[in-house]
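Notes to accompany the following structure.
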Amino acid sequence: MNFDLRYPVGFMFTLFGLILTATGLFGGAELTKPSLGINMNLWWGLVMTLFGLVMLVLAFRGGASKK
Amino acid sequence: MQASIHLTFVDYSILCIYFLFVLGIGFALKRYMKGSGDFFLSGRSIPAWVTGLAFLSANLGAQEVIGMAASGAKYGIMTSHFYWVGAIPAMVFLAIFMMPFYYGSKARSVPEYLKMRFDEKTRAFNAVSFAVMTVFSSGISLYALARLLETLVHWNFWTCIFVSAFIVLVYIFLGGLTSAIYNEVLQFFMIVLGFSPLVFLGLKDVGGWAALKQKLIPVATEHVPAFAPDTWSRSWVHMGGAMENPMGIGWFGMVMGLGFVLSFGYWCTDFLVVQRAMAADSMSAARRTPLIAAVPKMLFPALVILPGMIAIAMHHASGGQFLPLAADGSPDYNMTIPVMLGRYFPTGLLGIGFTALMASFMSGMAGNVTAFNTVWTYDIYQSYLVKNASDQHYLWMGRIATVAGILISIVAALAARQFNNIMDMLQLVFGFVNAPLFATFLLGMFWKRATGHGAFAGLVLGTCSAAVFQGLSLARGETVSFIKGGWIAPKFLFQSSMGQNFWIAIVAWTTCFVLTIAISLMTRRLKTDEELKGLVYSLTPKQPRTNEPWYMQPVTLGVLVLAATVVLNIIFG
């Protein structure tokens, strides 16, 4: 059997989400200029982190319930 | 104005992390590649949600992301026909009616199914034409990627070619089909997460859907020739005749040519996508794979076509300032997505969008290479060259074929750079070969009287009829040439090349269908009913209803998907 794909998907997007969130928090105000004044890095970074964490939770529960 | 993207350290980090994960997955899968079945078919052990997303992703090359946005700008919401007419019905048909034969027959590839159903010569024709087509498609993806990077971020063309090719080579060499599939799923999420913010920001900037429709009115009315005001925002009302819309096709040509022949010809017979369904862990999973893929496929127009429509609306509203212009003053439609990424995405998010774009090119390449190495090893090498070697020998051959496939792709990419017409020539020939294919499979799977001689003759002559019809037809505004047609005599004139291609497909399919029937009736059947069991509808026991819940039943899912597609067509028609 191959390893559960949800692990790398979860890890990668959690990592990306954290990078984006950090960029959104510390990148400075000019970063919001192209995105119409919205701090897309921050908001979308949080969404991505959430997605990554959900994937990891699903992977962990999937592994735990295997006989 | 030139389109250019400025990447910073954060963006490059994201790109590098992505490649590390891609290669890491390849390395991690190496130890599971114990035999040729693992390398070429993932041991038929992949869960349906993975094969479903991979199925979609393998089809979604960057040419689609870039191309559909370009078409969205050029033609408006009519582009959705490529999804709601030109994909979903075929995917549902494949899932419900054809997967039982592909999966149940235990064929290891599409050409192998043809050998089991018909004979060796039919298999050989399909295997050779498919192998050539798929490896050259990989080269075209590689070329397009390098070209785009050269234009956008000014990287060296050769570096792009060799680095991209090397990365794909490594992860497929190590992990085979499973590696390609896993990375396709990664790519799928990258595309969705990378481009959704673009749609959000674009819609916000243009003022919302209603404002977008308003801004698209002058795009239609000021077009030369002018079209009705809502042409860019309605998909069906101006399909009455070829002169009513910028695509230059009427509803019949579109539904029959795109919706039936080309769509079913691709989705139901192209081993690139079928291979992903064949890797599923059960018959039910295999049948659900195209249906699982159909759900995001239905929604993709929002992701890829909408940015194009927004871009052309903004371009028009700004007096030609939004998109870069081509040499003749018209907008450079292929630059739609890059321009919007550069315009709306701050550094960070830009890294994600840029990586998503690169990922989709490379994933398209990877899909082609896995299809190539399987067809080469099983359908050409094992069938005709070295027939009785050990399984480890074929596994080794698969790895060699991977290297060879990548090398041929590089050569094809370099040739495409030298001779720009090569790309068009190849697409044309691929169209000729694909069009009759579905007729062969349809008759093979549903008519037990179809013989090998009939199938082979139908395929060959169907392909030839496509070439002949192309030689006899021409699109308005084009000059006679081998690529554009009319080289026998331009007797059939079409409003657009797209319309011409749809009709070439209809002619080829019909020729193949009629001739396969006629020649089958004139030749003897070489296979008994017993040999055809599991390969033909009338000789296969009906699929028993499994004990799975309703949302896992293929027929139920198929009906739901089709119903949703009809609703979408009505809403946006």
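The values are calculated or read from the model by the stated rules, or taken from the named source; none is laboratory data. This one's a predicted model, so the numbers in the text were calculated from it and none came from an experiment. Here Cβ is always computed from backbone atoms with ideal geometry, including for glycine, and neighbour counts include all displayed protein chains.
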Check: Mind checking which residues of segment B:200-229 are closer than 30 Å to B:L349 by Cα and acidic (D, E)?
Finding: B:D205
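Here is a yes/no grid of residues against (1) modelled with pLDDT of 95 or more; (2) buried (at least 18 other Cβ atoms within 10 Å of the Cβ); (3) assigned to a helix (DSSP H, G or I):
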| site | (1), (2), (3) |
| --- | --- |
| B:L437 | no, yes, yes |
| B:A450 | no, yes, no |
| B:G477 | no, no, no |
| B:A489 | no, no, no |
| B:L493 | no, no, no |
| B:T510 | yes, no, yes |
Check: Which of (1) of a type outside the set (K, R); (2) at pLDDT 90 or above; (3) under 24 Å from B:G342 (Cβ atoms) does A:V54 not meet, given it meets every other one?
Finding: (3)
Margin query: Given the criteria more than 7 Å from chain A (Cβ to nearest Cβ) and either without any contact (Cβ under 8 Å) to a residue 60 or more places away in the chain or touching a helix residue (DSSP H, G or I) at 6+ places or on another chain (Cβ under 6 Å) (or both), does B:I14 qualify?
Written below: no
Check: Quick one: how many residues across segment B:325-352 are surrounded by fewer than 19 Cβ atoms within 10 Å (Cβ to Cβ) and either away from chain A (no Cβ under 14 Å) or within 12 Å of B:A69 (Cα to Cα) (or both)?
Finding: 7
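Would you confirm whether or not segment B:254-277 contains a residue that is more than 22 Å from B:F430 (Cα to Cα), part of a helix (DSSP H, G or I) and at pLDDT 90 or above? It would help to see each step written out before you state the result.
Start the filter on segment B:254-277 by keeping residues that are more than 22 Å from B:F430 (Cα to Cα), which leaves B:277.
Subset that is part of a helix (DSSP H, G or I): B:277.
Right, trim to at pLDDT 90 or above and you get B:277.
Checking segment B:254-277: at least one residue is more than 22 Å from B:F430 (Cα to Cα), part of a helix (DSSP H, G or I) and at pLDDT 90 or above.
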Checklist line | Residue check for B:V50: over 30 Å from B:I517 (Cα atoms), of a type in the set (A, V, I, L, M, F, W, C), assigned to a helix (DSSP H, G or I) and in contact (Cβ under 8 Å) with a residue 60 or more places away in the chain | finding: yes
Next item on the list: Mind listing whichever residues of segment B:516-528 are out of contact with any His (no Cβ under 8 Å at 6 or more places or on another chain) and under 13 Å from B:G444 (Cα atoms)?
Entry: B:T516, B:I517, B:R525, B:K527
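Answer yes or no: is there a residue in segment B:222-239 that is assigned to a helix (DSSP H, G or I) and farther than 30 Å from B:N368 by Cβ. Before the answer, list the steps.
Our first condition is that a residue be assigned to a helix (DSSP H, G or I); within segment B:222-239, this holds for none.
Among the residues of segment B:222-239, not one is assigned to a helix (DSSP H, G or I) and farther than 30 Å from B:N368 by Cβ, which makes the answer no.
Which residue is farthest from B:F200 (Cα to Cα), if the candidates are limited to segment A:33-54 and must be without any contact (Cβ under 8 Å) to a residue 12 or more places away in the chain and at the interface with chain B (Cβ under 7 Å from one of its Cβ atoms)? Please lay out each step first, then the result.
Narrowing segment A:33-54 to residues without any contact (Cβ under 8 Å) to a residue 12 or more places away in the chain: A:33-38.
Pick out the ones that are also at the interface with chain B (Cβ under 7 Å from one of its Cβ atoms) and you get A:34-36.
Details: A:P34: 13, A:S35: 10, A:L36: 11 Å.
Here the answer is A:P34.
In this structure, does B:G43 turn out to be part of a helix (DSSP H, G or I), within 11 Å of chain A (Cβ to nearest Cβ) and buried (at least 20 other Cβ atoms within 10 Å of the Cβ)? So that I can check it myself, show each step before the final result.
Working: part of a helix (DSSP H, G or I): yes; within 11 Å of chain A (Cβ to nearest Cβ): yes; buried (at least 20 other Cβ atoms within 10 Å of the Cβ): yes.
Taking the combined requirement at face value, the residue satisfies it.
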Notebook entry, point to check: Of the residues A:F13, A:F60, A:F3, which single one is part of a helix (DSSP H, G or I) and facing chain B (nearest Cβ under 9 Å)?
Noted result: A:F13
Note to self: Exactly one condition in (1) away from chain A (no Cβ under 14 Å); (2) closer than 17 Å to B:A356 by Cα is false for B:M190; which is it?
What the structure shows: (1)
Next item on the list: State whether one or more residues within segment A:52-67 are over 19 Å from the mean Cα position of the chain (by Cα) and closer than 15 Å to B:I352 by Cα.
Entry: no
Item checked: Residues that are in a helix (DSSP H, G or I), more than 25 Å from B:F19 (Cβ to Cβ), modelled with pLDDT under 90 and not hydroxyl-bearing (S, T, Y), drawn from segment A:16-47 -> A:A29, A:E30
Next item on the list: Tell me, please, whether a residue that is in a helix (DSSP H, G or I), small (G, A, S) and within 14 Å of chain A (Cβ to nearest Cβ) can be found in segment B:27-36.
Entry: yes
Next item on the list: Could you list, in sequence order, all residues of segment B:389-411 that are among the polar types (S, T, N, Q) and in contact with a helix residue (DSSP H, G or I) (Cβ under 9 Å, 6 or more places away or on another chain)?
Entry: B:Q392, B:T402, B:S409
